[in-house]
1. Wholly within segment 109-228, which helices (runs of 4 or more DSSP H) include no fewer than the required count, namely at least 2 residues that are in contact with a strand residue (DSSP E or B) (Cβ under 8 Å, 6 or more places away or on another chain), among the hydrophobic types (A, V, I, L, M, F, W, C) and not assigned by TED's automatic domain parsing to the domain that holds VAL281?
2. With the requirement that a residue be part of a helix (DSSP H, G or I) and out of contact with any helix residue (DSSP H, G or I) (no Cβ under 8 Å at 6 or more places or on another chain), what does segment 246-257 give you?
3. Collect the residues in segment 229-248 that are acidic (Asp, Glu) and either closer than 22 Å to ALA106 by Cα or surrounded by 20 or more Cβ atoms within 10 Å (Cβ to Cβ) (or both), keeping them in residue-number order.
4. Under 8 Å between Cβ atoms, which residue pairs at least 6 apart in sequence (or on different chains) link something in segment 247-268 that is at positive phi with a partner that is surrounded by 14 or more Cβ atoms within 10 Å (Cβ to Cβ) and of a type in the set (S, T, N, Q)?
5. Please work out which residue is surrounded by the most Cβ atoms within 10 Å (Cβ to Cβ), limiting yourself to segment 269-283 and to residues that are touching a Ser or Thr at 6+ places or on another chain (Cβ under 8 Å) and touching a residue at least 40 places away in the same chain (Cβ under 8 Å).
Amino acid sequence: MTHPRAAIAAATARLAAAGVSSARVDAELLIAHLLGIDRGRLVAVDDPLPTAVAARYAQLVERRASRVPLQHLTGIAPFYGLDLAVGPGVFIPRPETELLVEAALAVLPTDRPTTVVDLCAGSGAIGLAIAHHRPSAAVHSVEIDPDALGWLRTNRDRRAALGDRPITVHRADVTGPDLLTELSGRVDVVVTNPPYVPSGAVLEPEVRDHDPHRALFADVDGLAVIATMVEPIRRLLVPGGRALIEHDDSHAAGVEALFDARSGFERTEGRTDLAGRDRFVVTRRASTVEPA
């Protein structure tokens, strides 16, 4: 029988040889997943692995070595304190997007009920995190892809079962002129992590082969989707409302220019991630409403 430490060491070596940059962490997370424990408790596991567990672990390690995303193997993506169900057909939420949630919570009014719209919602990560941490907010999450919608609804139902205020899910085109017309001029915060990868970008196999391309690419320059969202965002926001838009780290100036060029917005500014890369912009609907 195999001892967990030996199995983890062998798995780490196999993953590292396959080019997985987080080889040790992934090896530990996979075995913790199979044992049904937190990764931090692995140090206390001294019993040899049951034969069936060792065999299943070897299978998962090989799949990870073939660059299947870790989250597809465990079925879970941690995000801003939540465990979200993910798998084929939906974009896996990234840790850097947690900064977008943090910034949205910081600008969301706390003295009254509020309305939040999450565009290109995917798994629902952003909207669900906001709903969890701000129960007074009515959150509307918009997605058009049928596969992603399935994951979004699953996560909505799971969070509601755990006591969070349910979010409202809409199947809609975020660039359409009739997007959420019933909420026009009533939204305090619009937040989005839209497709923004330039079509010729070189991506890691986990992203290139497993994240849905519809959630990644936005034409040659990566700005096509964001450009068509500017007017719907303007229409949705209350005067003084904020929009937060994640973008490629080469897009800060371009995204700021898109909003600065459209009357009705002010105070557009870029924000960086923990590595100092340009990550998202925050803009404000002008307090004085101008004609569309």
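The values are calculated or read from the model by the stated rules, or taken from the named source; none is laboratory data. Please read all numbers here as calculations on a predicted model, not as lab measurements. Virtual Cβ from ideal backbone geometry, glycine too; neighbours counted across all protein chains shown.
1. So the answer is none; nothing clears 2.
2. Within segment 246-257, ALA252, ALA253, GLY254, GLU256, ALA257 qualify.
3. Filtering segment 229-248 for residues acidic (Asp, Glu) gives 231, 246, 248.
Once the filter is applied, which keeps residues that are acidic (Asp, Glu) and either closer than 22 Å to ALA106 by Cα or surrounded by 20 or more Cβ atoms within 10 Å (Cβ to Cβ) (or both), segment 229-248 yields GLU246, ASP248.
4. Pairs found: ARG267/THR283.
5. THR283
Condition check ((1) buried (at least 19 other Cβ atoms within 10 Å of the Cβ); (2) closer than 21 Å to HIS213 by Cβ; (3) more than 18 Å from the chain's Cα centre (by Cα); (4) of a type in the set (Phe, Trp, Tyr)) across all residues:
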{"position": "ARG67", "(1), (2), (3), (4)": "no, yes, yes, no"}
{"position": "ALA77", "(1), (2), (3), (4)": "yes, yes, no, no"}
{"position": "ASP83", "(1), (2), (3), (4)": "no, no, no, no"}
{"position": "PRO88", "(1), (2), (3), (4)": "no, yes, no, no"}
{"position": "PRO95", "(1), (2), (3), (4)": "no, no, no, no"}
{"position": "VAL101", "(1), (2), (3), (4)": "yes, no, no, no"}
{"position": "PRO113", "(1), (2), (3), (4)": "no, no, yes, no"}
{"position": "ALA121", "(1), (2), (3), (4)": "yes, yes, no, no"}
{"position": "GLY124", "(1), (2), (3), (4)": "yes, yes, no, no"}
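Each row is one residue, and each column tells you yes or no for (1) in the same structural domain as GLU206 (by TED's automatic domain parsing); (2) touching a residue at least 40 places away in the same chain (Cβ under 8 Å); (3) part of a helix (DSSP H, G or I); (4) small (Gly, Ala, Ser).
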position	(1), (2), (3), (4)
ALA11	no, yes, yes, yes
LEU29	no, yes, yes, no
HIS33	no, yes, yes, no
ARG56	no, no, yes, no
GLN59	no, no, yes, no
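Each row is one residue, and each column tells you yes or no for (1) among the aromatic types (Phe, Trp, Tyr); (2) closer than 15 Å to THR192 by Cα; (3) assigned to a helix (DSSP H, G or I).
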| position | (1), (2), (3) |
| --- | --- |
| LEU244 | no, yes, no |
| PHE259 | yes, yes, yes |
| GLU266 | no, no, no |
| GLY276 | no, no, no |
| ARG279 | no, yes, no |
